[in-house]
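Participant: Take this structure, written in structure tokens, and hold onto it; I'll ask about it next.
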Amino acid sequence: MVIKSAIVCDKNREEKLDVRIKDGKIFEISKVIKEEQDEEIIYADGLYLLPSLIDLNTRVHDDALTINNLKKLSKECLKGGVGSVALMPDSTPPIESEAVVELVNTNKTEANIYPVIKAINRNLNLSDISILIKRGCKGIFADSDLNGNMLRRIFEYANMWKKPLFCRCEDSSLSSNGVINDGFLSAKMGLPGIPALSETKEVAKLCEVAIGTEAKIVIQAISSERSLQIINRSSFKEKIYSEISVHHLAITEDLCEKFNTSAKIKPPLKSDTTRRRLLEALKRGEVDLLTSLHSPKSVTRKDVAFELADFGIDAISDYFSILYTFLVKNSHINLQKLSELTSKNQAEVLGIEGKGLIEVGYIADLILVDLKPSRLIEDRFSPYYNYIFYGEVCKNIIEGRVVYSR
């Protein structure tokens, strides 16, 4: 396969080039490549060729881990420009046993779905972390407000196996009854709030534990600029990755007015002031990873009273468009930086060699995107209802094979 006249864009370059793919890998990159007889040609003049996106914070529909939901997740990933995801383990059944890991690994999907271990099992004991890593798990997941000794042991396992530790920072004693950001809007609506302190105190704790264990940590879905300040001032910053969802950079808690449950996500959307501060931190280079925070819920779980509605958002099928519309088109970052924050750094976290860049010898996980189209979002159960998205994925190529085409 030869991709002709694409604007090749990754962390390191943005240049009009031809790209040849053989045996699932990038074989040649040049100004002009002469096609061979019977070779498949994709004419991409005016289109951008980027590494497929990688998302490290995804869940299946209604948190129900089934074969059908894995296939559904894969299909939605391809449409949104995503080639690989880390599947969080807080599902039913949870990813804490060999049988469940086998369910994920043996049901091959076109998008790469990497299972992550739930460190603490249903019996509140450590899962068989060593065995599950040997079975193919790419990381370990833990909530931050665990018993201190248990948390330290999980960090040590992550360091011993050289696997990333994904941490959800939340003090449940502060947030357990909350359904919305704690502030003026929560008081106005008469809803219990989740304070920023629930996140920031746990971030500070993790940064300190990290110093003693030297584990690689992803602090997931940060929603406070104070959390970023703590991380970036840590003496062990080189091993701590800060992750922000695109939604906390694009939209605000104001969408929750009139008890709009489509905007009920966790961590909760914040004020416009906080959103702007997070965008400034992004532009200063203080954010390492972006995520779609994909956690889709059925209408029956959303179309209820706000207090009873599930947290979650269905976003991965529009992921590239959301990223481009709110971050690149609005000139907060360029496409090269976007590629770094959505592909290169994720591949580094997972320890996957050959992904995240467009270089000879790298795996041909690529997307072709057209930045010109626009469309109105007409899904009433989306927080982006009536927004206009720009840019769309034309093709998603996994290991040199076109698996999605517009």
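Any read-out appearing in this document is the output of simple, stated calculations on the displayed coordinates, not a laboratory observation. Note that the coordinates shown come from a computational prediction; the quantities given were computed from them, not determined experimentally. When we count neighbours, we look across all protein chains shown, and the Cβ atoms used for this are built from the backbone with ideal geometry, even at glycine.
Participant: Going down the table (Lys75/Lys162; Lys16/Lys344; Lys118/Lys266; Lys25/Lys344; Lys201/Lys266; Lys22/Lys355), which pairs top 22 Å between alpha carbons?
Facilitator: Violating the 22 Å limit, Cα to Cα: Lys75/Lys162.
Participant: A further question follows. Quickly work out the Asn149-to-Asn107 label distance, labels modelled 7 Å from Cα along the C-beta direction, and quote it in nm with one decimal.
Facilitator: Each label point lies 7 Å from its Cα, and together they span 3.9 nm.
Participant: If you don't mind, another one. Extending each Cα 7 Å along its Cβ direction at Lys25 and Glu98, get the distance between those two points in nm, one decimal.
Facilitator: Going by the 7 Å Cα→Cβ label model, 3.3 nm.
Participant: Sticking with this structure for a sec: Skipping prolines and chain starts, which residues have an amide H placed within reach, meaning under 5 Å, of the one on Leu87, given they are 5 or more residues away or on another chain?
Facilitator: Residues meeting the criterion, in which the H sits 1.01 Å from N, are Tyr114, Val116.
Participant: Additional query: I need the trypsin sites (Lys or Arg not before Pro) found in region 172-234, filtered to DSSP loop residues with at most 13 other beta carbons within 10 Å of theirs.
Facilitator: Arg233
Participant: For region 44-49, just list the computed ³J(HN,Hα) in residue order, Karplus coefficients 6.51, -1.76 and 1.60, θ = phi - 60°, integers in Hz, with x standing in for Gly and Pro.
Facilitator: Per-residue couplings from phi come out as 10, 4, x, 9, 9, 10 Hz.
Participant: Expressed in nm to one decimal, what extension gain is obtained for the pair Lys372 and Lys258 from 0.36 nm per residue of sequence separation less their Cα-Cα distance?
Facilitator: Details: separation 114, 0.36 × 114 = 41.04 nm, distance 3.39 nm.
Gain on stretching Lys372 to Lys258: 37.7 nm.
Participant: By how many degrees, between 0 and 90 and to the nearest 10, does the Cα long axis of helix 67-79 differ from the longest principal axis of the chain?
Facilitator: On a 0 to 90 degree scale, this one is about 60.
Participant: Going by average Cβ neighbours within 10 Å, how do the peptides 58-68, 260-270, 364-374 rank, with the highest at the top?
Facilitator: In decreasing order of mean packing, 58-68, 260-270, 364-374 become 260-270, 364-374, 58-68.
Participant: What does the extension gain come out to for Glu36 and Leu124, with contour length at 0.36 nm per residue minus their alpha carbon separation?
Facilitator: The span from Glu36 to Leu124 would gain 25.8 nm if fully extended.
Participant: Sequence gap at least 6, Cα distance under 8 Å: using those rules, report the relative contact order of the chain to the nearest whole percent.
Facilitator: Reported as a whole number, the value is 20 percent.
Participant: Sticking with this one: ³J(HN,Hα) across region 128-136 via Karplus (A = 6.51, B = -1.76, C = 1.60, θ = phi - 60°), whole Hz, x for Gly/Pro?
Facilitator: So the Karplus estimates, Gly and Pro as x, are 7, 4, 4, 5, 5, 5, 5, 7, x Hz.
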